[in-house]
Amino acid sequence: MRGVPAGPRILLKRLREVMAEPINAQLRLDKIVRLIAGNMVAEVCSLYVMRADSMLELFASEGLAREAVHMTTMHAGEGLVGLIAQRAEPLNLANAQAHPAFSYKPETGEEIYQSFLGVPVLRQGVMLGVLVVQNRASRLYTEEEIEALLTTAMVLAEIISSGELQSLARPGTDIAVRRPLDLSGLALAEGVGLGHVVLHQPRVVVQNLIADDPAQEKQRLEAALNALRASLDHMLERGDLAHGGEHREVLEAFRMFADDRGWTRRLTEAVMTGLTAEAAVERVQSDNRARMMRQTDAYLRERLHDLDELADRLLNQLQGRSMTRLAGELPDNAILVARSMGPAALLDYDRSRLRGLVLEEGGAQSHIAIVARAMGIPVVSMIENAVGLVEPGDEIIVDGTTGLIHIRPQPDILNTYREKARLRADRQAKFRSLRDVKAVTKDGAEIHLHLNAGLIFDLQNVVDTGADGIGLFRTELQFMVTDRLPSLAEQTALYRSVLEAADGRPVVFRTLDIGGDKILPYMAKAEEENPALGWRAIRIGLDRPGLLRAQVRALLRAAAGYDLKIMFPMVATIDEFQRARAIVHREQAFMERFGRDKPRSVQLGVMVEVPSLLFALDALAREVDFMSVGSNDLLQFLFAADRDHPQMAGRYDACNPAAIRALRMIVEAADRAQIPVSVCGELAGRPVDALMLMALGYRHLSMSPLSVGPIKAMVLDLDLGALQQRVTQALEASETEATIRPALEQWAHQHGLL
């Protein structure tokens, strides 16, 4: 070794001077690696930059052969440098050549160096490159030296992310930081959105990385940590559990991690290397995010995610900023990008400016997905580290049909999607022209198309689509988008506005379907092994009758002078329906006793979604006024397959012969009892599934607003008799097959329906 390391603070000061010099990018890099080598008393310092083709290229070196710069490359995972890029972790070796991953590059002349220290260059958890120091003497580098190199790597990450190094790349070998990305996720809401990135929780851009006074920065960090802890305590104490859409257990987890000694120690150590408080938080956060992205253990991944969220809060605390963007700040053609998001937050944004939503988390039946579908916004979820991969203002495409997103798309992809959007607009215009046309098949069968709704802005869709009514009004959405239980007056006002907007069309109100995955912000979450099979929907209503009584009372008051239809969800036995019906009758008697105006008529029905009802259909049909199939839950229960589990998505199909028989049993029982029956799950809005339902005898289908036009156009071109014959043939020929979907699709294409 030569001399003694000068310390990271002196190095950072010198780096700041080099970064401010008006020199070209290569000369700046050469000076930087020379400074690092001198500070670390290293004979070699090298910077490898990740390219768009996932190759690591040597961009600068002090100590290795000059001709190796921009010539030496390796794959992620190849050699020691590739191993660091793959793992996103430092590697400290006393004898590099003895390591099994060592890869000899003869043009570099590095065979004479034994000790090796390499660290990842990360920003927002994204791998940008690898920084390496080497010495001839065999030794392990100290913890202080590793910390100093990590701090320096953060400064280099900002240089790389600025795009300055793109000028050094050879033609066709762009650096990775601003490369186009095509990613696949989970499609939650259909449609195509083209626009520019807006972060739901704006990232704090750390302008000043290097501290003038580390002691003062340490004081700022400690003050911000204390303020963060106090704010979390305040939220917990005052019961403001809906703040930011978080539940109590989330706040409690944040509060626990805010006191985590390991986390606070890493933050303090980063500050004492010479970084500003903000830069220290960003550095620790980036390390955590990189670990999170490579972690397979679900529990550890969740804990790292909590730390990531907490770091965002701390950064905003340091800057005195709000965690969320003000809705009024939304620019035109905005695509929101967020880790997760509550429905209330989405509703705060101006729908006219919003073109799409990208999430890191969220299932197909999540609250945000339901609200986004109602708003007609394309949504793609399960995009890992989406927030870290984009910059505000980036061009982005969201394809809510295929589940693809394109970040910084290439011109040909952008032009293709522009054409796709134009064709979609043309199709929507055609569908709008059918608004006042009845959905009647070529052979004279009328199909009634209804909407699924749940929020005030849904009501305009009844008129815009020409729907026959609202087949499912999800009353729980009103409860989900507020931070407290809606009052009787608020519920009554909403239900009245729905009936008025329907303008004489039928409306089916489903009573609260909460519990399971639908936990209200102000509702304590019960720990359950199988929430979907647990304490939810009508079970909560019957066990806590005050909640159900208040809702029924609001519905009866709102429907004065109107026809009222009430449907109970998650009914498993006829007795449950009878008990719920008794509550309605009691409230009706209460209204009559006090002379209140009452509905013109009241009809009570059930959502058939629990398989036990399949074996009591005739008895049930004698008790109810109507039935509606909740296909989402019915199918997942029927096949014992969680619909939100990514590995279960292909495990069942509504066109499976077993599912078709179950659906046929329901419609036949309704026909025998001469009561209406509808389908109100996602099934009814999908063309091939809708064909199957109509072939079975369903004449009432309820769906999202975007599905009404395509389904109506298909119905108008349909020969229902021929379809029924084809489905019968397919079932007879497919007794042991997993699905008749291919046969249905082929028939539909042959007849120009798809």
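Summary of values
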read-out	value
Selection within the stretch 221-262 - crowded, with 19+ Cβ neighbours inside 10 Å and at pLDDT 80 or above	Leu221, Ala224, Leu225, Leu228
Residue in the stretch 583-603 that is without any contact (Cβ under 8 Å) to a residue 40 or more places away in the chain, under 17 Å from Cys680 (Cβ atoms) and of a type outside the set (D, E, K, R) present	no
Single unsatisfied condition, Ala695 versus (1) under 26 Å from Asp625 (Cα atoms); (2) under 25 Å from the mean Cα position of the chain (by Cα)	(2)
Only listed residue being assigned to a loop (DSSP other than H, G, I, E, B), at pLDDT below 90 and under 29 Å from Ile383 (Cα atoms), chosen from Thr416, Thr401	Thr401
Breaking point among (1) among the aliphatic types (A, V, I, L, M); (2) surrounded by 17 or more Cβ atoms within 10 Å (Cβ to Cβ); (3) not in a strand (DSSP E or B), for Val121	(3)
Odd one out for Val571 among (1) buried (at least 17 other Cβ atoms within 10 Å of the Cβ); (2) modelled with pLDDT of 95 or more; (3) not in a loop (DSSP other than H, G, I, E, B)	(3)
Flag if Gly697 is small (Gly, Ala, Ser), within 13 Å of Leu449 (Cα to Cα) and touching a helix residue (DSSP H, G or I) at 6+ places or on another chain (Cβ under 6 Å)	no
Hey, Ala662 modelled with pLDDT of 90 or more and not assigned by TED's automatic domain parsing to the domain that holds Gly685 or not	yes
Odd one out for Gln724, checked against (1) more than 30 Å from the chain's Cα centre (by Cα); (2) within 24 Å of Ala453 (Cβ to Cβ)	(2)
Filter pass, Val133 being surrounded by 23 or more Cβ atoms within 10 Å (Cβ to Cβ) and touching a Cys at 6+ places or on another chain (Cβ under 9 Å)	yes
Candidate set from the stretch 530-554 (those that are hydrophobic (A, V, I, L, M, F, W, C) and not in a helix (DSSP H, G or I)); member that is surrounded by the fewest Cβ atoms within 10 Å (Cβ to Cβ)	Trp535
Set Leu131, Leu150, Leu117, Leu188: member being closer than 30 Å to Thr416 by Cα and either at pLDDT below 90 or of a type outside the set (Val, Ile, Thr) (or both)	Leu188
Any hit, the stretch 377-395, residues being under 28 Å from Glu476 (Cβ atoms), touching a residue at least 12 places away in the same chain (Cβ under 8 Å) and over 12 Å from the mean Cα position of the chain (by Cα)	yes
Filter pass, Leu165 being in contact (Cβ under 8 Å) with a residue 40 or more places away in the chain and under 23 Å from the mean Cα position of the chain (by Cα)	no
Qualifying residues in the stretch 275-312 (those that are closer than 23 Å to Leu232 by Cα and of a type in the set (Asp, Glu)) - the one modelled with the highest pLDDT	Glu278
Hits in the stretch 142-152 (condition: within 16 Å of Leu267 (Cα to Cα) and either in the same structural domain as Ala277 (by TED's automatic domain parsing) or touching a residue at least 12 places away in the same chain (Cβ under 8 Å) (or both))	Glu144, Ile146, Glu147, Ala148, Leu149, Leu150, Thr151, Thr152
Residue within the stretch 330-341 that is surrounded by 22 or more Cβ atoms within 10 Å (Cβ to Cβ) and modelled with pLDDT under 85 present	yes
Residue identified as at pLDDT 90 or above, farther than 26 Å from Phe626 by Cα and of a type outside the set (A, V, I, L, M) among Arg427, Arg435	Arg435
Residue satisfying all of: in the stretch 313-329; assigned to a helix (DSSP H, G or I) and modelled with pLDDT under 70; nearest to the chain's Cα centre (by Cα) among these	Ala327
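Here's the yes/no breakdown for (1) assigned to a helix (DSSP H, G or I); (2) within 30 Å of Val507 (Cβ to Cβ); (3) at pLDDT 95 or above:
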{"position": "Leu701", "(1), (2), (3)": "no, yes, yes"}
{"position": "Pro710", "(1), (2), (3)": "yes, yes, no"}
{"position": "Val715", "(1), (2), (3)": "yes, yes, yes"}
{"position": "Leu723", "(1), (2), (3)": "yes, yes, yes"}
{"position": "Thr728", "(1), (2), (3)": "yes, no, no"}
{"position": "Leu731", "(1), (2), (3)": "yes, no, no"}
{"position": "Glu737", "(1), (2), (3)": "no, no, no"}
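Residue-wise test of (1) assigned to a helix (DSSP H, G or I); (2) surrounded by fewer than 16 Cβ atoms within 10 Å (Cβ to Cβ).
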site	(1), (2)
Met71	no, yes
Leu80	yes, no
Leu83	yes, no
Glu89	no, yes
Gln97	yes, yes
Pro100	no, yes
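Per-residue answers, yes or no, for (1) over 37 Å from the mean Cα position of the chain (by Cα); (2) within 21 Å of Met19 (Cα to Cα); (3) part of a helix (DSSP H, G or I):
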position: Met127; (1), (2), (3): no, no, no
position: Tyr141; (1), (2), (3): yes, no, no
position: Glu144; (1), (2), (3): yes, no, yes
position: Ala148; (1), (2), (3): no, yes, yes
position: Leu188; (1), (2), (3): no, no, no
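The values are calculated or read from the model by the stated rules, or taken from the named source; none is laboratory data. Just so we're clear, the structure is a prediction, and the values are computed from it rather than from any experiment. Cβ sites come from the backbone with ideal geometry, for glycine too, and all protein chains shown count toward neighbours.
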